[in-house]
Every structure is written in structure tokens, then in C-alpha cells.
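> Just passing along the structure, written as C-alpha cells.
The values are calculated or read from the model by the stated rules, or taken from the named source; none is laboratory data. Remember, it's a predicted structure, so these values are computed and weren't measured experimentally. Ideal geometry is used to build each Cβ from the backbone, glycine not excepted, and the neighbour counts take in all protein chains shown.
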Amino acid sequence: MADLYVKDDVRALLAMLEQIGGPEIDEVPVADARAQYAAMGALAEADPRPLAVKRDLTCPGPAGDIPLRLYDPRDSREAGPIVMFFHGGGFVIGDLETHDAFCTEIAHQLDLPVVAVHYRLAPEATFPAAADDCEAATRWVAGNPAELGREATGLVTTGDSAGGNLTIVVSQALAAEAAAVPVIVQAPIYPVASAIEETDSYRDFGEGFLLTARTMNYFTSSYAPDESSTRMYPALSDRLDQSPPTVIVTAGLDPLRDSGRDYAKKLISHGIDVTYMEVPGIVHGFVNLRKALPSAQAASEAFLAEVKQMLARYS
């Protein structure tokens, strides 16, 4: 892999992180791991976009109220699509704050309201708690325009990594049992859609490219999923032909890359309208590294432009 393409800004970031060092995520208490993730985002992520509306609220969930955050570049708007965002972090770390800036970017680029969901985290709440919460929140947004102050005509599900998994899982749930309005586009970002351990990308990029195989193993063991379930690996579904139009982006140097690739291929084979983007020379997590990586900002804008085009066809 000596001739492997790595973007210059990515190479510099990886060299800096290697020099800094530090314990592995599974070597510290989970509270410290969450704090470290938040601290890295504070250094590496772009500043949030100013928006007319940024408001915290809650909705009922299967285990109590679910924290939400509403973003909107407009004070008020006519009925239209609403974006549901599910944050990444391996089902273990991440929250509304770690993905706040990227949610403002989505709202700004798409000129749509965004509702971010903070689902229960593992190991305190194991599989399928995250999926249950995200589905409940999405159904609530679809059917409660008065409480939200926005009326949805359709939903866009999106999220990164674990949130990319939840993006697909929620879309499948609403296809199987309709909500007040349907998912009209799904846009998973470097998702876990299927088992990754035997893929080339897991072997090639499991060490030295930010997200490691060891970290992924820690996340999976913490979430403790049923790995035969489509609520963990939605690419296993026998109803992929019911999937919504899809925009999917992967990172070229990501151990999860091939899971996203293979899911896109399956959707295409089932006749789904798919836009697949693979950003060469960049690492997992790039949507949260847009200050440290100028190339990540460009990649994020390109991805959201594709989502906007897909929405123009189906909304």
C-alpha cells in the first residue's frame, strides 16, 4: 500500500494524531471516551452556521423522553420535507453537541429544517435501543407538526457511521409500517450496513487511518447487537426493493468503506435510484473534521448537493 492515495491535509492530520498518541478508546472509562470525542470535535470541526432557529425539545420514546434539536435557516416556512439526523459514534459516543455544527451545515446547504436525535447510548442501553429511539423520534416528527412548528410532507433520513446505520434502519421501519408521512430520500454517510470484518477495507484500513478495527470491535461489543438482525445489518433485508431513493457517501480510507459500497450495489440491483459517492484519500469521520481538513468541507458540500438534487426529483 506504499502508493496509496492520501490527501495532503489528511496525511498531515494523521501524522499529528500519531505524534500526540494517547490511550485506545477501550482503555478509558466510557465517560472519558465521550469527553475525548467531544474535545477532538471542538478542535477539528468547523464552526456552526448561524441559523434563524436552533431549539432544543423532546419527544416521547420507548424509555422516556428523547432529546431533539431543531435547526432551520428560516423562522417559519410552508409545509415541506424535514431532515432527520442521527449522530455517529459507534452507538457509544456522540450526542447533539458533537454534531451540532454539521447539522447547521445540512440545514444551510439544503435550506430545510433538520431535527437531530440523541438516542440512548451503549453500553448503558444496548441493541436495539438506538434504533427504537430513532424510529420513535422520526414517527413523532412525521405526525406532530403543531409541537414541532413545522409540517412535514416527507422525510429525509441521514446520519454518519452508526447514524448511517440508523438512517437505513429507520427508513426500512417506516417502509414496513407507514408513519404519517414517508421517507422520500435516505442519505447514509459511511454507514455500517453489513458485517465488515471480512471486507478488504477493514483489512486495509483497520490501523492507522483514524477509525481502527480495535475501536470498531469495542463499539460492537458495547452495543451487543443481534448480528442476524436487519436492525443491525440492514443490507440483510429481503425487502430492499422497498428502499427510498438513496444518496450514499463513503470515505476511501475507511474500514467501513466496503459495507457502504456493497449496500449501494444491492440497492441498485433492486432497482432503487442511487447516487453513490466515494471520496478518495479521506478518512472516516470527515464530516466532523471540516476545520482540520479543508477537503472534508468540500466533500461534505458535494454530498449535500447530491442530496439536494435527489430531493428535487422526489419531493
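> Can you pull out the residues in segment 54-85 that are surrounded by fewer than 17 Cβ atoms within 10 Å (Cβ to Cβ) and either of a type in the set (Val, Ile, Thr) or assigned to a strand (DSSP E or B) (or both)?
55, 56, 57, 58, 62, 64, 80
> Quick check, is residue 167 within 17 Å of residue 233 (Cβ to Cβ) and of a type in the set (Ser, Thr, Tyr)?
In short, yes.
> Looking only at residues in segment 135-165 that are assigned to a helix (DSSP H, G or I) and farther than 17 Å from residue 86 by Cα, which one is farthest from the chain's Cα centre (by Cα)?
Among residues in segment 135-165 that are assigned to a helix (DSSP H, G or I) and farther than 17 Å from residue 86 by Cα, the one farthest from the chain's Cα centre (by Cα) is 146.
> With the requirement that a residue be surrounded by 24 or more Cβ atoms within 10 Å (Cβ to Cβ) and assigned to a helix (DSSP H, G or I), what does segment 175-191 give you?
none
> Would you call residue 41 closer than 25 Å to residue 189 by Cβ, among the small types (Gly, Ala, Ser) and either over 23 Å from the mean Cα position of the chain (by Cα) or not in a helix (DSSP H, G or I) (or both)?
no
> A further question follows. Checking the structure you have, find out if any residue of segment 89-103 is outside any strand (DSSP E or B), over 18 Å from residue 59 (Cα atoms) and in contact with a strand residue (DSSP E or B) (Cβ under 6 Å, 6 or more places away or on another chain).
Yes - at least one qualifying residue is present in segment 89-103.
> Only one of (1) in contact with a Ser or Thr (Cβ under 9 Å, 6 or more places away or on another chain); (2) on the phi < 0 side of the Ramachandran plot fails for residue 90. Which number is that?
It fails just one condition, (2).
> Related question: Quickly run through segment 32-48 and pick out the residues that are under 23 Å from residue 70 (Cβ atoms) and either at pLDDT below 95 or surrounded by fewer than 18 Cβ atoms within 10 Å (Cβ to Cβ) (or both).
The answer is 38, 41, 42, 47, 48.
> Also, I was wondering about something else. In segment 133-151, is there at least one residue being under 30 Å from residue 253 (Cβ atoms), buried (at least 24 other Cβ atoms within 10 Å of the Cβ) and either out of contact with any Asp or Glu (no Cβ under 7 Å at 6 or more places or on another chain) or of a type in the set (A, V, I, L, M) (or both)?
The answer is yes; a qualifying residue exists.
> Being closer than 21 Å to residue 15 by Cα and touching a Ser or Thr at 6+ places or on another chain (Cβ under 7 Å) narrows it down to one residue among 290, 261; which is it?
The unique qualifying residue is 290.
> Tell me which residues, restricted to segment 25-51, are touching a residue at least 60 places away in the same chain (Cβ under 8 Å) and of a type in the set (Asp, Glu).
Correct list: 26, 45, 47.
> I would also like to ask the following. Note down all Cβ pairs under 9 Å where the first residue falls in segment 69-92 and is of a type in the set (Phe, Trp, Tyr) and modelled with pLDDT of 95 or more, the second is in a strand (DSSP E or B) and surrounded by fewer than 24 Cβ atoms within 10 Å (Cβ to Cβ), and they're at least six residues apart or on different chains.
From residues that are of a type in the set (Phe, Trp, Tyr) and modelled with pLDDT of 95 or more, the pairs are 71/53; 71/54; 71/55; 85/69.
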